[in-house]
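This report refers to the structure that appears directly beneath it.
Taken together, the values in this text are just the output of simple stated rules run on the coordinates, not laboratory data. Given the structure is predicted, the values throughout are model-derived calculations rather than measurements. Virtual Cβ from ideal backbone geometry, glycine too; neighbours counted across all protein chains shown.
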Amino acid sequence: MLPEQYSLKLANPSTKDFLLLRAKVGWGDLDADLAEKSLNNSLFHVTIYYDQQLIGMARVVGDGAMYFYIQDVVVDPDYHKQGIGTALMDTIEGYLRYTTNKGSTIALLAAQAKESFYARYGYIQRPNNALGHGMCKFV
């Protein structure tokens, strides 16, 4: 449960707020037009604010049918250990329970040392006996 002074919204953040939060966690610079297009093309957003300042967000991208990808689960470092990440993921999981069907795949790339956080929600690490390594390419 979030502290009372926090506000959870099911809306995309402003591009400016998104870029500021990314910078706070060290995710580097990103072109504002690219960020805005990406945010607008997402399937689902959850944001958390403290006094109108974005302190946490997460979103889902994908095709809305077979493939769903959890993206940008991020919490301002000044607000860690206050249940914000849990509130974000609980909200994302609620959306996915309602939206996905048998045969859908939900994926994410966990930041290093955050795997156990996502394991609480049933996500499994790769590789394992059934699945190879997950892979990605950065442009």
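Brief remarks on what is shown
- Taking amide H as placed 1.01 Å from N in the peptide plane, residue 67 has its amide H under 5 Å from the amide H of 105, each at least 5 places away in sequence or on another chain.
- Under 13 Å, Cβ to Cβ, from residue 11 - net charge with Lys/Arg +1 and Asp/Glu -1: +1
- Rounded, prolate or oblate (a/c below 1.5 giving rounded, otherwise prolate when a/b exceeds b/c) for segment 6-119 by Cα gyration tensor: prolate
- Between residue 32 and residue 128, the FRET efficiency from the beta-carbon distance, with R0 = 41 Å, is close to 0.55.
- Positive end of the dipole of segment 6-68 (Cβ unit charges, origin at the Cα centre): among 50, 26, 64, the Cα lying farthest that way belongs to 50.
- For segment 42-59, 3J(HN,Hα) computed residue by residue from phi via the Karplus equation (6.51, -1.76, 1.60; θ = phi - 60°) reads 6, 7, 7, 10, 9, 10, 10, 10, 10, 6, 6, 9, 5, 10, x, 7, 7, 8 Hz, glycine and proline entered as x.
- Taking every alpha-carbon pair under 8 Å whose residues sit at least 6 apart, the chain reaches a relative contact order of 21 percent.
- Charge dipole (debye, nearest 20) of the chain; +1 at Cβ of Lys and Arg, -1 at Cβ of Asp and Glu: 460 debye
- Highest mean packing first, where packing is the average number of other Cβ atoms within 10 Å per residue, the peptides 37-43, 129-135 line up as 37-43, 129-135.
- Among residues other than residue 23 with Cβ under 15 Å from its Cβ, the summed charge is -3 (Lys and Arg +1, Asp and Glu -1).
- Sequence of 86, 91 once ranked by neighbouring C-beta atoms within 10 Å, starting from the fewest: 86, 91
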